[in-house]
Amino acid sequence: QVQLVESGGGVVQPGRSLRLSCAASGFTFSSYAMHWVRHAPGKGLEWVAIISDDGSKKYYAGSVKGRFTVSRDNPKNTLYLQMNSLKAEDTAVYYCAKDHDYGDHYTDYWGQGTLVTVSS
Amino acid sequence: DIQLTQSPSFLSASVGDRVTITCRASQGISSYLGWYQKKPGKAPKLLIYAVSTLQSGVPSRFSGSGSGTEFTLTISSLQPEDFATYYCQQLNSYPLTFGGGTKVEIK
């Protein structure tokens with residue numbers, strides 16, 4: 001069965017960096033695009049980034065472009081989100097999610113999320 | 001960026017009620033519209049994709065319709081497990097965006 005397990009969250013000061021990881025299993029990781037989505041406390045869902053199956057294409061939300069970098073290691077079945085210059089408004093639960101089976105970029109499986117708190 | 005506006009943002013309903021949630025896009029998004037359910041402390045769940053296609057395992061009381069810029073999610077007979085927040089998402093162009101959410105609470 002598909003499993004996605006995020007890690008790397010925690011409390012970090014504004015302006016610092018953090019790297020999230022997402023370990024995938026139960027499907028052919030290298031065949032699917034992958035997403036990061038976040039949910040800030042009291043706010044709605046926000047799509048953050050997508051990376052293509054081979055890592056050659058990446059797209060970002062405007063709020064994180066230039067600060068966050070999505071990457072993947074297919075042999076290790078792992079997705080990453082490098083977050084730099086963190087701001088208080090980046091505080092959220094971050095989810096990794098698998099692209100839909102049909103390659104249409106809906107997301108059919110999600111991890112349990114990892115909480116990132118940006119605070120001094 | 002394409003903005004999605006959901007209405008209402010909050011609704012109170014009883015078990016057995018028919019519930020309709022609307023999602024309006026700031027420009028045409030063809031059929032690239034999905035719906036997700038989010039419960040506190042849980043990951044979002046894909047309910048419907050491509051406007052009206054039910055994701056595998058989702059009960060048939062959920063349905064979607066619409067085209068162009070206006071879309072709806074309907075729950076034909078609200079069940080206790082359906083009390084949650086619902087989000088639409090557009091996949092017509094990057095950045096992908098979600099609507100602001102509609103919280104469905106028990107009356």
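The values are calculated or read from the model by the stated rules, or taken from the named source; none is laboratory data. The shown structure was predicted, so the numbers you read here are calculated from the model rather than taken from an experiment. Please note: Cβ atoms are built from the backbone with ideal geometry, for glycine as well, and neighbour counts cover all protein chains shown. Note: accessible area is taken over every heavy atom of the protein model, side chains too, but ligands, DNA and RNA are not part of it. Shrake-Rupley method; radii C 1.70, N 1.55, O 1.52, S 1.80 Å.
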Checklist outcome for this item: Within the protein assembly as shown, the percent of DSSP beta bridges that are antiparallel, given to the nearest 5, stands at 90
Checklist entry - Under 12 Å Cα-Cα from B:K39, which aspartates and glutamates qualify once same-chain neighbours fewer than 8 residues away are excluded? => result B:E81, B:D82, B:E105
Checklist entry - What is the total of Lys pairs in segment A:42-106 with C-alpha atoms under 23 Å apart, excluding same-chain pairs fewer than 8 positions apart? => result 12
Checklist entry - How much of B:D17 can a 1.4 Å solvent probe reach, expressed as accessible area in Å² and rounded to 10? => result 60
Checklist entry - Which residues does a label at A:S52 reach in segment A:85-120, if reach means a backbone N under 15 Å from a point 7 Å past the Cα toward the Cβ? => result A:103-105
Checklist outcome for this item: Residue separation between A:K65 and A:A40 times 0.36 nm, minus their alpha-carbon distance, gives in nm 7.2 nm
Checklist entry - Top mean-square fluctuation among B:L33, B:L47, B:L96, Gaussian network model of chain B, C-alpha springs under 10 Å? => result B:L96
Next on the checklist: If I model a spin label at A:Q82 and B:E81 as a point 7 Å from the Cα along the Cα→Cβ vector, what separation in nanometres do I get?
Outcome noted: 4.2
Checklist outcome for this item: Over segment A:6-101, the quotient of the Cα radius of gyration and 2.2 N^0.38 Å is 1.04
Checklist entry - Give me the log10 of I(q) over I(0) for segment B:4-107 at q = 0.13, 0.14, 0.16, 0.20 Å⁻¹, as the Debye formula computes it from C-alpha points; what are the numbers? => result -0.40, -0.47, -0.62, -0.97
Checklist entry - Chains B and A: what accessible area do they bury, summed, in square angstrom to the nearest 100, with a 1.4 Å probe? => result 1700
Next on the checklist: Tell me the carbon and sulfur percent of the accessible area for chain A, rounded to whole percent, probe radius 1.4 Å.
Outcome noted: 46
Item to check | Amide hydrogen neighbours beyond the local backbone of A:H105, cut-off 5 Å, H modeled | outcome: A:H100
Checklist entry - At a Förster distance of 45 Å, what's the computed FRET efficiency of A:T117 paired with B:K107, Cβ-Cβ distance as r, to 0.05? => result 0.80
Item to check | Carbon + sulfur, % of accessible area of chain B - ligands and nucleic acids excluded, 1.4 Å | outcome: 46
Checklist outcome for this item: In nm, the gap between the two label points placed 7 Å beyond Cα toward Cβ at B:T72 and A:T28 is 4.1
Next on the checklist: Given a 1.4 angstrom probe, what's the average accessible area per residue across segment A:1-98, in square angstrom?
Outcome noted: 45
Checklist entry - What number in nm² do you get for the protein assembly as shown if you take the convex hull of its Cα atoms and divide its surface by four? => result 11.8
Checklist entry - Stretch B:S56-B:Q27 to full length: gain in nm at 0.36 nm per residue minus the Cα-Cα span? => result 7.6 nm
